[in-house]
């Protein structure tokens, strides 16, 4: 009889429920949260891939004869500039090129230049290019520019406001002045574009 009782005791012990740290409702809740996060991430990725997207490029060049010629900032040399001037593009400019690389039209609300010190220049009456706001269809691009003299004045104003030490400016042309100023740390100038939906996009290129 003792053996039988022990055997029954072992059988009874074997069917006792094992306590769990995670109840079924909690597991269902965690799975629901994970699925919701995946859904939100997918919707965000789909919006970025299928919505309006722009690529912003900073350019330098010259304006004249009712047209402009621009190139990447690396082209900002005296010899290159002299060549442009001889071809009739005598007004030095800094420009921003905006390309619609997304799958929907976008509207450019305004464009400008942003200093590494945190201040921005948004040309209005002095802007060269299409009137703003301007709609860009899929695959289209447009370029806006401003006289380089205004960029020089902007750099000087930024330095005075933030009380940065004034550099020893290189003598000579306006081009020399721009080069001597933006070569200082934090003085890089980038192009920036604001879209009608509130998004802003900055150029990877900067004038150093």
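Bear in mind that the values in this text are calculations on the coordinates, not laboratory data. Please read these numbers as outputs of a predicted model, since none were measured by experiment. Cβ coordinates were reconstructed from backbone atoms using ideal geometry, including for glycine residues, and neighbour counts include every protein chain displayed.
Please find the FRET efficiency linking residue 135 to residue 204, where r is the Cβ-Cβ separation and R0 is fixed at 25 Å, and quote it to the nearest 0.05. Efficiency for this residue pair is about 0.55.
With R₀ set to 30 Å, the beta-carbon distance separating residue 107 from residue 75 gives a calculated FRET efficiency near 0.50.
Fewest to most neighbouring Cβ within 10 Å: what's the order for 68, 148, 124?
Working: 68 20, 148 24, 124 9.
Ascending Cβ contact count within 10 Å gives the list 124, 68, 148.
Panel order for 37, 115, 57, 120, by other beta carbons found within 10 Å of each beta carbon, from fewest to most: 37, 120, 57, 115. The ranking of 144, 80 from fewest to most other beta carbons within 10 Å of each one's beta carbon is 80, 144. With 0.36 nm allotted per residue and the present C-alpha distance subtracted, the residue 120-residue 160 stretch has 13.0 nm of extension available.
Annotation for residue 86 and residue 38: the two label points, set 7 Å from Cα along the Cα-Cβ direction, are 6.5 nm apart.
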